[in-house]
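Data block below; observations after.
The values are calculated or read from the model by the stated rules, or taken from the named source; none is laboratory data. The model shown is predicted, which means the values in this text are computed figures rather than measured ones. Heads up, the Cβs are rebuilt from the backbone with ideal geometry, glycines too, and the neighbour counts pull from every protein chain shown.
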Amino acid sequence: MTSSESPDAVLVMQQASRSHGDGGERVDALVDVDMGVAAGELVAITGRSGSGKSTLVNLAGGLDQPTGGRVLVDGIDLGGESPKALAEIRRRHVGYVFQNLNLLPTLTAAENVALPLEFDGIRPAPALAAAREALGRVGLNDLAGRYPDEMSGGQRQRVAIARAVVGPRRLILADEPTGALDELTGEAVVSLLVHLASEGAAVVLVTHDPGLAAYAHRVIRLRDGRIDQVTERSAVPPTPEELRV
């Protein structure tokens, strides 16, 4: 049984394609991609620049819609939803971690994490309580009151991850989250994503680094918008943080 057929699949892509333009100017950014990511699974997406990695993440998170095939998140077909409904699905089901963290400099760590919950109608007090719990999950209990410019790059990335996992969202999309970090901090971030998968999240990690991709349960390599190779791992190696314990 593949992940796309599994009853635990959180993300399912069926012949998903995305093209831009028409006729001789048509560009196929993603072509007939079949894949699924189950709860508790971390899948790494690799490939050269322009291979379709970011297009895949944008389709998976409802930031863009396929021109062919289907994309489902928690059983919801994103292609049949209005822009307003897609925005709600993103808030409630999908967490994003990007290299550009998009933290608001005038808000504390806790306030940045609580913001998506408040956008969804949750009152400030319970939203901040949930934010502090999420910060605790990423080891930042003591930094809830700090502002982004008072934290290191790795700490800011952990705040972004806390924002991605706050609330009931089960799909985590991380697009080159370690690109601006040093090697040790990048390994710590990936260790955290592995831990989140072990807690039941479905995690998609886009990375150029084969060393970081090695910690995924499955590695999907894209080439010219198509799946070029899939590597299944019977066992995921210990993360760097686990080896240092």
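With the requirement that a residue be crowded, with 19+ Cβ neighbours inside 10 Å, of a type in the set (Val, Ile, Thr) and part of a strand (DSSP E or B), what does segment 73-119 give you?
Val73, Val94, Val97
Working only within segment 25-72, note down all residues that are part of a loop (DSSP other than H, G, I, E, B), charged (D, E, K, R), in contact (Cβ under 8 Å) with a residue 40 or more places away in the chain and farther than 16 Å from Arg90 by Cα.
Glu41, Arg48
Return the pair list, or none, for Cβ contacts closer than 6 Å from residues in segment 159-179 that are more than 16 Å from Ala39 (Cα to Cα) to residues that are of a type in the set (A, V, I, L, M) and in a loop (DSSP other than H, G, I, E, B), at least 6 apart or on different chains.
Cβ pairs passing all conditions: Ala160/Leu101; Ile161/Val138; Ala162/Val138.
Go through segment 200-212 residue by residue and tally those that are out of contact with any helix residue (DSSP H, G or I) (no Cβ under 9 Å at 6 or more places or on another chain), under 23 Å from Arg169 (Cα atoms) and outside any strand (DSSP E or B).
So the answer is 1.
Which of the residues spanning segment 133-163 are surrounded by fewer than 23 Cβ atoms within 10 Å (Cβ to Cβ) and outside any helix (DSSP H, G or I)?
Gly139, Leu140, Ala144, Gly145, Arg146, Tyr147, Met151, Ser152
Quick test for you: out of Val219, Val194, Val245, Val236, pick the one residue that is modelled with pLDDT of 85 or more and farther than 24 Å from Pro168 by Cα.
Numbers: Val194 fails: farther than 24 Å from Pro168 by Cα; Val245 fails: modelled with pLDDT of 85 or more; Val236 fails: modelled with pLDDT of 85 or more.
Among Val219, Val194, Val245, Val236, only Val219 is modelled with pLDDT of 85 or more and farther than 24 Å from Pro168 by Cα.
Of everything in segment 5-39, what is of a type outside the set (A, V, I, L, M, F, W, C) and either in contact with a Ser or Thr (Cβ under 7 Å, 6 or more places away or on another chain) or modelled with pLDDT of 95 or more (or both)? Give them in sequence order.
Gln14, Gln15, Ser17, Arg18, Ser19, Arg26, Asp28, Asp32, Asp34, Gly36
Filter segment 164-212 down to the residues that are surrounded by fewer than 22 Cβ atoms within 10 Å (Cβ to Cβ), touching a Ser or Thr at 6+ places or on another chain (Cβ under 8 Å) and small (Gly, Ala, Ser) and list them by number.
Residue satisfying the conditions is Ser191 alone.
So which residues in segment 120-132 are assigned to a loop (DSSP other than H, G, I, E, B) and touching an Asp or Glu at 6+ places or on another chain (Cβ under 9 Å)? If you could, list the steps in order and put the result at the bottom.
Start the filter on segment 120-132 by keeping residues that are assigned to a loop (DSSP other than H, G, I, E, B), which leaves 120-123.
Across segment 120-132, the qualifying residue is only Asp120.
Within segment 40-66, count every residue that is surrounded by fewer than 20 Cβ atoms within 10 Å (Cβ to Cβ) and small (Gly, Ala, Ser).
Residues meeting the conditions: 4.
Have a look at Asp32, Asp22, Asp64 and point out the one that is among the charged types (D, E, K, R) and on the phi > 0 side of the Ramachandran plot. Let's see the steps before the verdict.
Details: Asp22 fails: on the phi > 0 side of the Ramachandran plot; Asp64 fails: on the phi > 0 side of the Ramachandran plot.
After ruling out the rest, the residue left standing is Asp32.
All but one of (1) in contact with a Pro (Cβ under 7 Å, 6 or more places away or on another chain); (2) modelled with pLDDT of 95 or more hold for Glu118; which doesn't?
(2) is the only condition that Glu118 fails.
Here are some residues: Arg156, Arg123, Arg169. Which one is touching a helix residue (DSSP H, G or I) at 6+ places or on another chain (Cβ under 6 Å) and modelled with pLDDT of 90 or more?
Being touching a helix residue (DSSP H, G or I) at 6+ places or on another chain (Cβ under 6 Å) and modelled with pLDDT of 90 or more holds for just one of Arg156, Arg123, Arg169, which is Arg156.
Among the residues in segment 186-196, are any touching a Phe, Trp or Tyr at 6+ places or on another chain (Cβ under 7 Å) and in a helix (DSSP H, G or I)?
yes
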